[in-house]
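Here's the structure we're looking at; comments come further down.
The values are calculated or read from the model by the stated rules, or taken from the named source; none is laboratory data. Keep in mind the model is a prediction, meaning the values are calculated, not measured. Neighbour counts are summed over all protein chains in view; Cβ atoms, including those assigned to glycine, are modelled from backbone coordinates with ideal geometry.
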Amino acid sequence: MNKIKNILKGGLPLLFLGLLTACSGSSELEIGQKTTCEVQKVYQAGTVLLGEEVKAKFNIENTGDYPLIISEVKGSCSCTVTDYPKEPIAPGKSGTINAFVKTENASVGKLVKEVRIVSNTEPSVTAVRIEAEVVRK
């Protein structure tokens with residue numbers, strides 16, 4: 001029993017000292033490098049016939065110093081499907097985000113659909129819009 005007490009007396013302070021020095025340093029947890037980007041905010045599709053698919057292209061340029069990582073691109077409703085670069089976009093380079101809007105269930109008149117781009121920028125969500133005028137056949 002005395003041996004256990006002696007081990008605890010001598011070893012416990014050393015254990016705490018080891019934990020303190022191992023944990024010293026930066027208290028910030030860096031998840032990823034933030035960068036900047038430029039993207040066209042509105043895609044004007046013009047006049048489309050009811051039932052046609054709108055095909056929008058958004059060029060996105062990495063204007064920052066670190067790779068641009070797009071983690072998600074999502075349309076505002078199920079009628080909007082997206083495709084985007086899955087690999088990082090190097091600083092100074094560009095990529096293309098494609099969005100496809102089905103109009104068969106749309107109302108005649110002005111169509112506005114939002115697409116949200118989630119990436120390692122500040123803020124992390126960039127919203128762009130697709131606009132069209134839907135007419136009957």
Quick one: which strands (runs of 3 or more DSSP E) lie wholly within region 66-137 and hold at least 1 residues that are among the acidic types (Asp, Glu)?
-> 70-75, 80-83, 109-119, 125-135
Test result for Ala22, at pLDDT 95 or above and farther than 21 Å from Pro123 by Cβ | no
Name every residue in region 44-65 that is in a loop (DSSP other than H, G, I, E, B) and over 17 Å from Val118 (Cβ atoms), in order of residue number.
-> Leu50, Gly51, Glu52, Thr63, Asp65
Residue identified as of a type outside the set (Asp, Glu), over 14 Å from the mean Cα position of the chain (by Cα) and either under 17 Å from Val128 (Cα atoms) or at pLDDT 95 or above (or both) among Val112, Val39 = Val112
Candidates Thr103, Thr96, Thr80 - the one that is of a type in the set (Val, Ile, Thr), under 19 Å from the mean Cα position of the chain (by Cα) and surrounded by 14 or more Cβ atoms within 10 Å (Cβ to Cβ) = Thr80
